[in-house]
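Take a look at the structure below.
Bear in mind these aren't lab numbers, they're just calculated from the coordinates by the rules spelled out. Fair warning: this is a prediction, and the values are worked out from it, not measured in the lab. Note: ideal-geometry Cβ built from the backbone for every residue, glycine included; neighbour counts use all protein chains shown.
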Amino acid sequence: MTTTYPSTPSVRSTMVKLFLDLCPHAVELYERQDEDREVYAAGTAAHDIVHAIGLYPDAPAEEVARIVCKRLIAKGRRGADAEGPLPVDSVFRGRDMVVRWLDGGGLVRPHESVRFEVGIGLRLEDDGRWTVVGYSDPTAKFRIRPDAVWAEHFHDADSHGLGIVTRDYKSGWNAGQEMCESLQMRAQAVAVARAYKMFTGMRPDFIRRQIVSLRTGQMWEADTWLDASGERTLERWSRDIMDTVDAIRGGTRDARVGAHCLGCKYVMMCEAAKESAQVGDLEAMAREYITAKARAAALRKLLKAATVEDSIELDGSMVGYDTKPVVDIVDDAHVSLWNAWVKRCGVELPGAANQVGRSLLLAADLGKTQLRKIAKALFPGREDVEKRERWLASEIFAKKKTKKFDIWRKK
């Protein structure tokens, strides 16, 4: 039987993330505070440590981390996400994650104006507009606290103008560019755009959504320009957020069991998950996965030898070799790149200097990502995107076909 549960008058971004990434029942368990703290404890500790280091930039980072660890172990978290003491091993794993990130060049304070975990409340008016209110305001329909926000004037290859950056730290291994387009990050963009006066006295030219992985040190970002098109985009995202909020507040809280349950911190409290065969013995699943990978590698080696002449045809599929179109770097890309760069700088160089420059680029063995970044510097304007792509397609990259062993749909 489907049931509808009462809900709080406002919805937090954490609840939206649980609703989208896991299932409606995870929101119910979140509100009841039934959870397995072992699952996310390392990430929780890492976030608290980064936050504290940002608040006390003049103190030694290791000492700040030590103080936070002692508090989490003895008393737990304080504030909006208050909870009891966290597992000792998990807390220290979170600390080690942050220390490695810092040692790798991670910056907790990327700009002097950065503010941490600024709470923003949004009230939906009768005419559909959003009004910024206090985070704890009882009239707020949606509440969000970005990890870090700052306003900055950018003058680089991609951006020219005042931008507000909203940054989210990720402790999971699944962080990537696609997270910039998650509803959580879109919600942050909408919130800081509407509340821009909290961060700058000028209306920003764009909002930058930024994901930082504490695991790998990588960073991904995406911009939304606040022109007419960008404002329409924000309006659409606003409606998406409110539709999701309405589903959380007034919809069902039934469990949806699936692979996502394995990464849910409420899985041990969820009866539906316990009863499902999809959520079984993790150690047994890991052993089966290792065995399956080994068997797949052995079979691949045998089948590659067996299909040198012809593929093996099955019902609707075939196993063997086929050609796949790929984009590759042309042999003389370094020459075109150097010539374009010299022309862009507007200088005349003697023949020997040109030869040295081309040789250096050849030795650097630049990959596709690096070449695209250099192309952005050569053609920096948003109006130059088409020109940039034409130059890459004619001077730097070439399409060709290459053989690949795989499973193919039968032609």
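Side notes on the structure shown:
- Computed from the Cβ-Cβ distance with R0 of 45 Å, the FRET efficiency linking ASP281 to LYS343 stands at 0.10.
- DSSP-loop trypsin sites (Lys or Arg not before Pro) across the stretch 198-280, with at most 11 other Cβ within 10 angstrom: none
- Taking the Cα centre of the chain as reference, the dipole from Cβ charges on Lys and Arg (+1) and Asp and Glu (-1) amounts to some 520 debye.
- Where labels lie 7 Å past Cα in the beta-carbon direction, separation of ARG66 and ARG372 in nm: 4.5 nm
- Computed from the C-beta positions of ALA306 and ARG232, the FRET efficiency with R₀ = 56 Å rounds to 0.50.
- Distance violations [Cα-Cα > 23 Å] among LYS324/LYS368; LYS170/LYS293; LYS293/LYS399: LYS170/LYS293; LYS293/LYS399
- In this calculation the C-beta distance from TRP408 to ALA297 is compared with R0 = 30 Å, giving a FRET efficiency of 0.95.
- At least 27 Å along the helix axis (C-alpha) and Kyte average at least 0.0, DSSP helices within the chain: 282-306
- Helix-only mean residue ellipticity at 222 nm for the chain, each DSSP H run of n ≥ 4 adding -39500 (n - 2.57), per residue, nearest 500: -13500 deg cm²/dmol
- Gain in span if fully extended, ALA59 to ASP384, counting 0.36 nm per residue against the direct Cα distance: 112.5 nm
- Largest to smallest principal axis extent of the C-alpha atoms in the chain, angstrom: 70, 61, 50
- You can think of it this way: the chain between ALA398 and GLU117 has 96.6 nm of extra reach, that is 0.36 nm per residue less the Cα-Cα gap.
- Less than 5 angstrom separates the built amide H of GLN218 from those of SER213, all sequence-distant by 5 or more or on a different chain.
- Of HIS334, VAL356, ILE396, farthest towards positive along the dipole that unit charges on Lys, Arg, Asp, Glu beta carbons give the stretch 324-409: ILE396
- Gain on full stretching of the segment that runs from ASP243 to ARG203 - 0.36 nm per residue minus C-alpha separation: 11.7 nm
- In this simple spin-label model, placing a label point 7 Å from the Cα along the Cα-to-Cβ direction at both THR216 and ILE290 gives a separation of 2.4 nm.
- Residue range of the chain that is longest and free of GluC sites (Glu not before Pro) which are both DSSP loop and sparsely packed (at most 14 other C-beta within 10 Å): 126-274
- Average Cα contact separation per residue, the stretch 324-409, under 8 Å, 6 or more apart, as relative contact order %: 59 percent
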